Structures are given as structure tokens and as C-alpha cells.
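Trainee: Let me give you the structure first, and then I'll get to my questions.
The values are calculated or read from the model by the stated rules, or taken from the named source; none is laboratory data. Bear in mind the structure is a predicted one, so any value in this text is a computation, not a measurement. So basically every Cβ, Gly included, is an ideal-geometry build from the backbone, and we count neighbours across all protein chains shown.
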């Protein structure tokens, strides 16, 4: 059976010499052909379910050292962020232990604070997984491309983000940052479907085309943001995503590795099982 290894997923990690222009969005590194992707996609579901339940159980048991996971999804419109949440998180995990937050334009109250302020309440507690659909990276992507903040403020934010993520990692949170990278041609197909299909109209925003017209500027902003903020404790992964099932397979692989790295055991019972069985028999 086809399988994507952790080592193959790690090949997608952004390093200091990374060049976004060298990534082929239609490729499926580590897997060849649709059948291989389909097989690998379903390979990790049982293990993911068990490891996430173990994490949640430790949190429920009050284990302050259980650790946590933050998954950051940041990509262009129609890149498949929602599909990752639905097909990777929603179909393999107990949602009681997952917090999903989609970030849009800051509210008036949020804009009155430092740009990182609004993300704090949504960070994962011990035993939890948080998923950010868009994130604090909006403030060095959108705001850079549309010149919504001075250049010196954008520059400051790169360092602030690294410090923010280092502090989070020091508290036991595993951080995975994924850019689902699609081609401009594939995005056009997705947008066309959203415009033509009444059942997809709710997903469409005319502003998507405005952003599409700034494609090259966004790619330059992603290049800078990822290389400036990809660290050992909070790495970026640029994942080819014209084949969305391939991207979801990579995310499953990275999530499973992060959960397994916590090295959790099932919480020990705070009762005597034999005594409780005897009581049950007498009830």
C-alpha cells in the first residue's frame, strides 16, 4: 500500500534557501499517481484518531504537561484550507478536543491592540488542538501587499511572530504551519466553479479576484514571510496543492508525527477497577 513517510513530508519544510518559485503546485512528492495518493490519504486515520483521543484524555484528566498542537493554515483563496479542516480534522478527530478559528479582518477593538493580541484567546490549552484558518500571518501578507501598514512595522512583525511562536513552543505546543500552494490556473478553475454554481456562491467573494490580480505580489510576500519565520520549533511547510487530497495527506502525516512526539500514555485510573466491577455487579 502506498504511504507518505514523515521524512518525505519533511522534504516540504521551508529552509533558508527555499524558493517558492521552484515548487510545482501540481506535483505530489513522495507519491506517484492518483491511486497512490488515494491509498496514502486513508492510511493514517486510525492512528490519528487514537493519538488525538489520547491527547484529549490527558487534558481532561488535568495533565498540565500533556502538550498541545497548533496547526496554522495560510494560503491563497481556494487553496483548500477549509477542506483540510473538514477532511483531516473533522473526519479523524474528536472535535471536543479541537478549537477551529477562522480569522478575517480585525474588528475595531482588535485593531486598537498589537496585531498579535487577538490570537491569544484561541491558542490551545494542554490536551487541545487549535486550527487557524488564516492567522497572524495576514499581518505580514495582506498588509504588506496592500500597504496597510508602514514598511518598518511590517519588518518589526516578522521578529514579533518568531518570539510569539518561540514562547508558545516553550510551553509545550507543537506548531505546524502549512501553506497549501496552488497554481494560478487551478485557482481560476475553482473561482469559476464558485461563480457558476449557485451552491458555491456562499464561498465566493468578489474580493477574491482583487487579490488574484495581485498574485505576484502575494507570492513575493509569502516567500519573505516563510523564510523569515520558519524555525526549528515552528517550521513552515509549502505543500503542492493542486491535488488537494495530496495536501491533506501531508497534513495528516505532520499532525500524526506532532501528536506522537508528545509521547503520551493513557491517563491512569483514579479508582480501583476491580472494586468498581464488583460494585457494578451488585448494582
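Trainee: Just the residues that are touching a residue at least 24 places away in the same chain (Cβ under 8 Å) and in contact with a strand residue (DSSP E or B) (Cβ under 7 Å, 6 or more places away or on another chain), please, taken from the range 114-126.
Mentor: 123, 124, 125, 126
Trainee: Quick one: is residue 79 in a loop (DSSP other than H, G, I, E, B) and closer than 16 Å to residue 177 by Cβ? Quick ask: steps written out before the conclusion?
Mentor: Details: in a loop (DSSP other than H, G, I, E, B): yes; closer than 16 Å to residue 177 by Cβ: yes.
In short, yes.
Trainee: Restricting to the range 31-62, give me the number of residues that are modelled with pLDDT of 95 or more and either under 11 Å from residue 259 (Cβ atoms) or surrounded by 20 or more Cβ atoms within 10 Å (Cβ to Cβ) (or both).
Mentor: 12
Trainee: Which of (1) in contact with a strand residue (DSSP E or B) (Cβ under 7 Å, 6 or more places away or on another chain); (2) buried (at least 17 other Cβ atoms within 10 Å of the Cβ); (3) under 19 Å from residue 157 (Cβ atoms) does residue 85 not meet, given it meets every other one?
Mentor: (3)
Trainee: Within the range 218-264, track down each residue that is in contact with a helix residue (DSSP H, G or I) (Cβ under 9 Å, 6 or more places away or on another chain), closer than 26 Å to residue 87 by Cα and in a loop (DSSP other than H, G, I, E, B).
Mentor: 233, 234, 235, 241, 242, 243, 262, 264
Trainee: Out of 239, 233, report the one residue that is surrounded by fewer than 17 Cβ atoms within 10 Å (Cβ to Cβ) and either at pLDDT 95 or above or under 19 Å from residue 136 (Cα atoms) (or both). Break it down into steps so the answer makes sense when it comes.
Mentor: Numbers: 239 fails: surrounded by fewer than 17 Cβ atoms within 10 Å (Cβ to Cβ).
Selected residue: 233, the only one of 239, 233 that is surrounded by fewer than 17 Cβ atoms within 10 Å (Cβ to Cβ) and either at pLDDT 95 or above or under 19 Å from residue 136 (Cα atoms) (or both).
Trainee: I'd like the full set of residues that are surrounded by fewer than 16 Cβ atoms within 10 Å (Cβ to Cβ), touching a helix residue (DSSP H, G or I) at 6+ places or on another chain (Cβ under 9 Å) and over 30 Å from residue 261 (Cβ atoms), limited to the range 156-191.
Mentor: Scanning the range 156-191 gives 184, 188.
Trainee: Confirm whether residue 153 is at negative phi, without any contact (Cβ under 8 Å) to a residue 60 or more places away in the chain, touching a helix residue (DSSP H, G or I) at 6+ places or on another chain (Cβ under 8 Å) and assigned to a helix (DSSP H, G or I). Before the answer, list the steps.
Mentor: Numbers: at negative phi: yes; without any contact (Cβ under 8 Å) to a residue 60 or more places away in the chain: yes; touching a helix residue (DSSP H, G or I) at 6+ places or on another chain (Cβ under 8 Å): no; assigned to a helix (DSSP H, G or I): yes.
No.
Trainee: Moving on to the next point. Restricting the range 19-28 to residues that are in a loop (DSSP other than H, G, I, E, B) and in contact with a strand residue (DSSP E or B) (Cβ under 7 Å, 6 or more places away or on another chain), which is surrounded by the fewest Cβ atoms within 10 Å (Cβ to Cβ)? So that I can check it myself, show each step before the final result.
Mentor: Step one: of the range 19-28, the residues in a loop (DSSP other than H, G, I, E, B) are 19, 23-28.
So of that shortlist, the ones also in contact with a strand residue (DSSP E or B) (Cβ under 7 Å, 6 or more places away or on another chain) come out as 23-28.
Details: 23: 17, 24: 11, 25: 20, 26: 13, 27: 13, 28: 23.
Among those residues, the one meeting the criterion is 24.
Trainee: Let me ask something else. Among the residues of the range 96-117, are any in a helix (DSSP H, G or I) and under 23 Å from residue 230 (Cα atoms)? Please lay out each step first, then the result.
Mentor: The first filter runs over the range 96-117 and keeps only residues in a helix (DSSP H, G or I), leaving 96-97, 108-111, 117.
Those still in the list that are under 23 Å from residue 230 (Cα atoms) too: 117.
There is at least one residue in the range 96-117 that is in a helix (DSSP H, G or I) and under 23 Å from residue 230 (Cα atoms).
Trainee: Give me a count of the residues in the range 95-113 that are without any contact (Cβ under 8 Å) to a residue 12 or more places away in the chain, farther than 18 Å from residue 82 by Cα and either surrounded by 10 or more Cβ atoms within 10 Å (Cβ to Cβ) or under 14 Å from the mean Cα position of the chain (by Cα) (or both). Step through it out loud before you land on a result.
Mentor: Going through the range 95-113, the residues without any contact (Cβ under 8 Å) to a residue 12 or more places away in the chain turn out to be 95, 105, 107-113.
The next check asks that each one be farther than 18 Å from residue 82 by Cα; those that pass are 107-113.
The next check asks that each one be either surrounded by 10 or more Cβ atoms within 10 Å (Cβ to Cβ) or under 14 Å from the mean Cα position of the chain (by Cα) (or both); those that pass are 110-111, 113.
Within the range 95-113, residues that are without any contact (Cβ under 8 Å) to a residue 12 or more places away in the chain, farther than 18 Å from residue 82 by Cα and either surrounded by 10 or more Cβ atoms within 10 Å (Cβ to Cβ) or under 14 Å from the mean Cα position of the chain (by Cα) (or both) number 3.
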